[in-house]
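Remarks on the structure that follows.
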Amino acid sequence: MSIFDYFKSSKKNTASIAKERLQVIVAHERSKRNQPDYLPALQQEILEVIRKYVSIDQDQIDVQLENNGDCSILELNVTLPD
Amino acid sequence: MAKIIVVTSGKGGVGKTTTSAAISSGLAMRGHKTAVIDFDIGLRNLDLIMNCERRVVYDFVNVINGEATLKQALIKDKRCEDLYILPASQTRDKDALTKEGVEKVLNQLSDDGFEYIICDSPAGIEHGAFMALYFADTAIVVSNPEVSSVRDSDRILGILQSKSRRAELGQTVEEFLLVTRYNPGRVENGDMLGVDDVQEILATTLLGVIPDSESVLKASNQGLPIIHDKESDAGQAYQDAVARLLGEKVDHRFLSVESKSFFQRLFRRSA
Ligand SMILES: Nc1ncnc2c1ncn2[C@@H]1O[C@H](COP(=O)(O)OP(=O)(O)O)[C@@H](O)[C@H]1O
Ligand SMILES: [Mg+2]
């Protein structure tokens, strides 16, 4: 691949990069929509409890409330470092 | 009952006012009695695009406050028989728009026989934008093929689906996507999101694609809604969008570089 091909193909990609980034952020924001107002505070407190034992970053925890007809499921995802 | 259509986007400068002027003119050109309301309190601009800025006496807030009648405030368009403009107020008090006040004006327009009411929303997701979309039956979400505009469009769709009057009543707002400032050449080069991509991300019915066109600035310089420029691609694309809004099936045009130039096509055919 010549250097010119490299510039051509990297130029071609900015629209697809935009699409991928949008798909991720839009899906994330949609999942947060219509969630109860207490959820961010709940997530923060859980984060602080976990931090007493393991050190994790803000983005390694994700709390979601899913509506499943007659009940709701609180989903907690924590990524622990190796 | 009048059909209430909001032109909204979240992001500013994407073409809401241009679209409101074009769509309302297009509906009136087809014989539908139409009113277009500027909800951008403090930043009135629709009057300039519609070329009636020097005829503004009373405004939207004057009518809501009972300082003028609706009849006194409505400005009759000079080009279209069936088109009336209700200008925004230049007051800095954004809370001048109340739900009750806006509803009163919309009901009165409906009682006066208006078929369509186009609400030109301000940017943002604050009070003014909320008031513009709250009573909508139909929403035209204007989006540029660009990351921040598409993301903001998705937020506005979320608000329409949860906070509008129809949502509160358990009904749905009819949603359309209008992609504006589209540059097929840049899409083909891979440095602008294609209309298919935008539509896929937002999952909304496509009302039209308006090309990025020099004719739009020339038209706004003169206070001519672009839909009156029958020669321009943007004007024709808005004509198509109005037809689709009225339920007609019209193919999308100006999506590729080729279809842009008649001479290019002629050349190719003879070659
Ligand atoms: N299709 C288009 N092609 C070129 N310029 C456009 C187009 N649509 C809008 N514009 C320009 O973009 C600017 C913002 O448009 P406007 O309708 O005022 O946006 P908004 O109401 O969303 O803030 C204006 O200068 C307008 O002339
Ligand atoms: Mg505007």
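Where a ≥ b ≥ c are the square roots of the eigenvalues of the C-alpha gyration tensor, would you call segment A:19-66 rounded, which needs a/c under 1.5, or, failing that, prolate if a/b is larger than b/c, or oblate?
Oblate is the answer for segment A:19-66, as a/c is 1.5 or above yet b/c matches or exceeds a/b.
From zero up to wherever the largest Cα-Cα distance of chain B sits, split into 10 Å bins and tell me the percent of pairs in each.
P(r) over chain B, rounded to whole percents: 7, 31, 37, 19, 5, 1, 0.
For peptide B:201-210, what's the mean number of Cβ atoms from other chains within 10 Å of each residue's Cβ?
Values: counts 7, 2, 1, 0, 0, 0, 0, 0, 0, 0.
Mean shielding by partner chains, rounded to a whole number: 1.
Taking only DSSP H segments of four or more residues, each worth -39500 (n - 2.57), what value at 222 nm results for the protein assembly as shown once the sum is divided by all its residues, to the nearest 500 deg cm²/dmol? Can you show the working numbers first?
Details: 16 runs with 155 residues, N = 353.
About -12500 deg cm²/dmol.
Can you compute the equivalent ellipsoid semi-axes for segment B:73-224, i.e. the square root of 5 times each eigenvalue of the Cα gyration tensor, sorted largest first and rounded to whole Å? Before the final figure, lay out the partial values.
Numbers: eigenvalues 165, 93, 42 Å².
Values for segment B:73-224, descending: 29, 22, 15 Å.
Counting only other residues whose beta carbon sits under 15 Å from that of A:Gln44, what net charge do I get with K and R as +1, D and E as -1?
Working: positive: A:Lys32, A:Arg51, A:Lys52; negative: A:Asp37, A:Glu45, A:Glu48, A:Asp57, A:Asp59, A:Asp62.
In short, -3.
When only Cα pairs under 8 Å and 6 or more residues apart are kept, what is the percent relative contact order across segment B:1-77? Could the numbers behind the result be given before it?
On the way: 44 pairs, mean separation 15.3, N = 77.
After rounding, I find 20 percent.
Per residue of A:16-25, what is the mean number of Cβ atoms on other protein chains within 10 angstrom of that residue's Cβ?
5
With a bin width of 10 angstrom, please list the P(r) values of segment B:1-71 as percents of all Cα-Cα pairs, from the 0 bin to the one holding the largest distance.
For segment B:1-71, the pair-distance distribution reads 17, 48, 33, 2.
What's the longest piece of chain B with no exposed GluC sites (Glu not before Pro), counting a site as exposed if DSSP puts it in a loop and it has at most 11 other beta carbons within 10 Å? Display every interim value, and only then the final one.
Working: sites that count: B:Glu81, B:Glu126, B:Glu231, B:Glu248.
Formally, the longest exposed-site-free interval is B:127-230.
Starting from the Cα gyration tensor of chain A, take the square roots of the eigenvalues, sort them a ≥ b ≥ c, and report rounded, prolate or oblate (rounded when a/c is under 1.5, otherwise prolate if a/b is larger than b/c, else oblate). Write out the running numbers ahead of the final one.
Values: a/c = 3.85, a/b = 1.86, b/c = 2.07.
Oblate is the answer for chain A, as a/c is 1.5 or above yet b/c matches or exceeds a/b.
Angle between the Cα long axis of helix A:3-12 and the longest principal axis of chain A, 0 to 90 degrees, nearest 10?
40 degrees
Full-extension gain between B:Thr172 and B:His252, please, as 0.36 nm times their residue separation minus the C-alpha to C-alpha distance.
Between B:Thr172 and B:His252, full extension yields an extra 26.2 nm.
Relative contact order of chain A, please, whole-number percent, based on alpha carbon pairs below 8 angstrom and at least 6 residues apart. The partial results should precede the final answer.
Details: 43 pairs, mean separation 16.2, N = 82.
About 20 percent, as a whole number.
With a ≥ b ≥ c the root eigenvalues of the C-alpha gyration tensor of segment B:173-215, is it rounded (a/c under 1.5), prolate (a/b larger than b/c) or oblate?
Details: a/c = 3.89, a/b = 1.46, b/c = 2.66.
In terms of gyration-tensor shape, oblate.
Once the principal axes of the Cα atoms of the protein assembly as shown are found, what is the range along each, listed largest first in whole angstroms?
The principal-axis extents, from largest down, are 72, 66, 37 Å.
Taking 7 Å along the Cα-to-C-beta vector as the label spot, tell me the A:Arg33-A:Leu76 distance in nanometres, rounded to one decimal.
Here the modelled spin labels are 2.8 nm apart.
How long are the semi-axes of the equivalent ellipsoid of segment B:33-108, defined as square roots of 5 times the Cα gyration tensor eigenvalues? Whole Å, largest first.
Details: eigenvalues 72, 41, 20 Å².
The three semi-axes for segment B:33-108 are 19, 14, 10 Å.
Straight-line reach only, C-alpha to C-alpha below 20 angstrom: list the aspartates and glutamates that B:Lys104 could link to, leaving out same-chain residues fewer than 8 apart.
Within the straight-line limit of under 20 Å, B:Lys104 reaches these aspartates and glutamates: B:Asp38, B:Asp40, B:Asp59, B:Glu67, B:Asp93, B:Asp95, B:Asp112, B:Glu115, B:Asp120, B:Asp137, B:Glu168.
Rule-based calculations on the coordinates, nothing more; no lab input. Every value quoted in this text rests on a predicted model; they were computed, and no experiment measured them. In this analysis, Cβ positions are derived from the backbone assuming ideal geometry, glycine residues included, and neighbour counts consider all displayed protein chains.
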